[in-house]
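Q: Dropping a structure here in structure tokens format, bear with me for questions.
The values are calculated or read from the model by the stated rules, or taken from the named source; none is laboratory data. All of these numbers come straight from a predicted model, not from anything done at the bench. Ideal geometry is used to build each Cβ from the backbone, glycine not excepted, and the neighbour counts take in all protein chains shown. Side chains included, ligands, DNA and RNA excluded: accessible areas come from the protein's heavy atoms. Shrake-Rupley method; radii C 1.70, N 1.55, O 1.52, S 1.80 Å.
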Amino acid sequence: MNALRWWWGLVLAFALLVVMRVFLPLPFANEVVIFSIYTIGCNFLLGRVGFISFGQPAYLAVGAYAAGFYFTYFGANPYIGIVIGIVVGFIVALIVGPFFVRLRSDYFALVNLALAVIIYFLMQKVLAPITNGDNGLWYLTNLEPTPVLDLTHPSQFFIFALLVGFATWAFYKYLDDSIYGACCLGAKINEDKLTFLGYDNFRIRLTAFVIANTTTALAGALYAVYLGFVSPEITSPTRAVDPVVVTILGGVGTLYGPIVGAIAYTGMKDVLSQILVNWELMIGFLLVFIMLAGEKGIWGTLEPRLKKLFFRKAASETAGGSKARTA
Amino acid sequence: MDGRAETIRADKVTKRFGGLTAVDQVSYVLHENEVAGIIGSNGAGKTTFFNLLTGYYLPDEGTISYCGEDVTRMTPQQRVARGMMRTFQLTSTFDNLSVVDNLGLAYFRAHKKSGLMQLLFNTRKSQRNEPKIVQTMDTFDLQDVRDREVKNLSLGEKRRLEIAMAILVDPKVLLLDEPLAGLAESEIQSILGVLRKHVGHQTILIVEHKLSHVQDFLQRLTVMHEGRIIADGTAEEALRHPEVRRSYWQIDVTAESAGVATP
């Protein structure tokens, strides 16, 4: 029973994503799942440890280019490419992390942006001989079909992405419930107290940084496989705040905020861009509205209401049985 | 003072902030199982001195040793690992966690292996029914609010929680920075009641602005004024000291002496 309670939210969330897949076009579903994974790292940093990062595309690009290089120059197995993306993302986070997490929150935001800009110019100009500069790396036709789940096939890729997403959420849900999760929340608001209880603040923050950005690199590697090409556009400074926007849109620090935010953001992008030329302007206005309306984001506002609704329904069902069911 | 072992020894410790010398050549020895207090007016340097002992600041001059070991340059974590535990003047808890999770964090660090892996592989839930934590919640009357987020607690409850967290760690020395400030009389009594249980088998150092509440509870009293120690001894001795009498009208001593003090 306890295990069931632990799982039901996760299962429900991903069941809804499957339902979405039935009613909405496949590219949209794939984009939502990858974007959710992309955003959960940012959400964890912002909501759990109190770090705001304007440079998440840097880590996305690390994962994507690591996989992209592998597909272009070394091999063709999508699974191996994804693993390489994760490993390289982990290593990069481990290298820059010790320098970055020492910084206070506002400087942390900017130093990540600086890293994103560095990677952008590295890929666009400096390393152009091996990255093809603005044109990027194209390897879609090189990718090798894989047995069981063929990642070169978008509909099977979706199943894989969904499984990866589920595992990612289970992992972050577990993190929340662990003592480490409590340490992160503690570090977010009261570093001094944590230090004076004897915890190593630096290590706690570094670990959070590495976990979050390895997840982001995973999203990058998924993009690399799904799109079949990587270009510097992925780490363009104009896309730098996307994950922060989606995090806030969905609800900072909520477990399912990134999924809700990714659906809302991708949906608006698709719908609005058909109607309006300057659709990004609307996103800007919407964000201002959300900040003013209570800064809880969509899921942060909905969750307590849904809980209330759900529990009230459960209560009324036990009270007046069949009536509720026929209605 | 007597044959008891030294727990903390500060030797000619000085701390300056710009042109201001907040703590000036202070030497102080705290003995094992002693219950000592430091009082002084605002700006007397008592909290700065306290922060030097616990490693929040590093002294500009002088040395601090703990159980015979030089800890002057040690980080707060290293001092905590050796058994020093402090509370903060402005109550310091984790407001975004529940009461029981606050206690869990304090308990886990002190009593379990708490490397990164242990932090990751133990759930908060596993701590919640730890007998020691449950017992501490009973002692500090926190059972009713155990699952409440700390930001929703009253100041008194928060203060009790912070002291409970410190005691849960089983420290050798308990350093309390103004544990009674801003509390109602009944809350003060409940905190003192708990602290009394630890008298005799724990070294306790209390920094207080108001003496009246802790006077009968302290075995030793030190008075600080303008960064220096001006009197040290039992409460009566310290308060009878001429220099204390000269400056005590700034300090809220006891109700009785406050009457005399009004200039």
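Q: Within region B:49-78, which residues are touching a residue at least 40 places away in the same chain (Cβ under 8 Å) and polar (S, T, N, Q)? I'd like the intermediate steps shown before the answer.
A: Residues of region B:49-78 touching a residue at least 40 places away in the same chain (Cβ under 8 Å): B:49-50, B:52-54, B:57, B:59-68.
Listed by number, the residues that qualify are B:54, B:63, B:65.
Q: Restricting to region B:62-94, and then to whatever is polar (S, T, N, Q) and open to solvent by less than 20 Å² (accessible area, probe 1.4 Å), can you tell me which residue is nearest to the chain's Cα centre (by Cα)? Break it down stepwise before answering.
A: Taking region B:62-94 as the starting set, the residues that turn out to be polar (S, T, N, Q) are B:63, B:65, B:72, B:75, B:77-78, B:87, B:89, B:91-93.
Those left that are additionally open to solvent by less than 20 Å² (accessible area, probe 1.4 Å): B:72, B:87, B:92-93.
Details: B:72: 19, B:87: 5, B:92: 12, B:93: 14 Å.
Step by step, filter region B:62-94, then rank; the result is B:87.
Q: Further question on the same structure: For region B:102-127, name all the residues that are over 30 Å from residue B:49 (Cβ atoms) and crowded, with 24+ Cβ neighbours inside 10 Å.
A: B:104, B:108, B:119 - these are the residues of region B:102-127 that are over 30 Å from residue B:49 (Cβ atoms) and crowded, with 24+ Cβ neighbours inside 10 Å.
Q: Suppose we filter A:216, A:238 for residues that are polar (S, T, N, Q), surrounded by 21 or more Cβ atoms within 10 Å (Cβ to Cβ) and over 28 Å from residue B:91 (Cβ atoms); which single one remains?
A: A:216
Q: Consider region B:53-83. How many of its residues are closer than 21 Å to residue B:14 by Cα and within 10 Å of chain A (Cβ to nearest Cβ)?
A: 6
Residues are listed down the side, and each one gets a yes or a no for (1) more than 14 Å from every other protein chain (Cβ to nearest Cβ); (2) over 24 Å from the mean Cα position of the chain (by Cα):
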| residue | (1), (2) |
| --- | --- |
| A:105 | yes, no |
| A:118 | yes, no |
| A:124 | yes, yes |
| A:127 | yes, yes |
| A:136 | yes, no |
| A:142 | yes, yes |
| A:163 | yes, no |
| A:172 | no, no |
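Q: Are any residues in region A:294-311 of a type in the set (A, V, I, L, M) and either open to solvent by less than 70 Å² (accessible area, probe 1.4 Å) or in the same structural domain as residue A:43 (by TED's automatic domain parsing) (or both), and if so, which ones?
A: A:298 - this is the single residue of region A:294-311 that is of a type in the set (A, V, I, L, M) and either open to solvent by less than 70 Å² (accessible area, probe 1.4 Å) or in the same structural domain as residue A:43 (by TED's automatic domain parsing) (or both).
Q: Consider region B:132-152. How many of its residues are open to solvent by 90 Å² or more (accessible area, probe 1.4 Å), assigned to a helix (DSSP H, G or I) and not basic (Lys, Arg)?
A: Counting residues in region B:132-152 that are open to solvent by 90 Å² or more (accessible area, probe 1.4 Å), assigned to a helix (DSSP H, G or I) and not basic (Lys, Arg) gives 4.
Q: Please return the ranges of helices (runs of 4 or more DSSP H) entirely within region B:183-249 where 3 or more residues are under 23 Å from residue B:27 (Cβ atoms).
A: Answer list for region B:183-249: B:235-240, B:242-247.
Q: Scan region A:179-195 and tell me whether some residue there is in a helix (DSSP H, G or I), more than 24 Å from residue B:113 (Cα to Cα) and either more than 9 Å from every other protein chain (Cβ to nearest Cβ) or touching a Ser or Thr at 6+ places or on another chain (Cβ under 9 Å) (or both).
A: Within region A:179-195 (the criterion being in a helix (DSSP H, G or I), more than 24 Å from residue B:113 (Cα to Cα) and either more than 9 Å from every other protein chain (Cβ to nearest Cβ) or touching a Ser or Thr at 6+ places or on another chain (Cβ under 9 Å) (or both)), the answer is no, since none of the residues qualifies.
Q: Related question: Would a scan of region B:154-174 turn up a residue that is open to solvent by less than 50 Å² (accessible area, probe 1.4 Å), part of a strand (DSSP E or B), within 14 Å of chain A (Cβ to nearest Cβ) and closer than 17 Å to residue B:36 by Cα?
A: Within region B:154-174, one or more residues are open to solvent by less than 50 Å² (accessible area, probe 1.4 Å), part of a strand (DSSP E or B), within 14 Å of chain A (Cβ to nearest Cβ) and closer than 17 Å to residue B:36 by Cα.
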